[in-house]
Amino acid sequence: MDTHPPVFDLPTGAQFSRRPVGTQPDDAWCQNPNNNKPPRLSFQAHSAPLDLVFYDNSKCSPRDNNVGIPRKWDGDAFTSFHGSWNRQPPTGKIYPALT
């Protein structure tokens, strides 16, 4: 007996994993923090992280400390994304801090 759903018939948001019939987790199970650990960072589909840079405040001149990145972010990681070429509105070109 085939217990897998048709490949092109899964609705948006449906969970699918290879589990015995009748043990498939539902939304409530998946959203329970005791059953999973949420990602530290999630990003939109068709976006690609390009790099990972750690901010080092000691490399900034005194003039730089008055503008731009706050000193409290010293040691924090930043990444940049490139998005999809055909999306409206365009995506990507974001620089989130990973603290």
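Cβ-Cβ contacts under 7 Å between residues 6 or more apart (or on different chains), taken from a first residue in the stretch 30-45 that is farther than 19 Å from Leu98 by Cβ to a second residue that is not in a loop (DSSP other than H, G, I, E, B), are listed as Asn35/Trp29; Asn36/Cys30.
Looking across the stretch 12-60 at every residue that is farther than 25 Å from Arg71 by Cα and aliphatic (A, V, I, L, M), the one that is modelled with the lowest pLDDT is identified as Val21.
The values are calculated or read from the model by the stated rules, or taken from the named source; none is laboratory data. Worth saying up front: this structure is predicted, and the values here are computed from it rather than measured. Backbone-built Cβ (ideal geometry, glycine too); neighbour counts: all protein chains shown.
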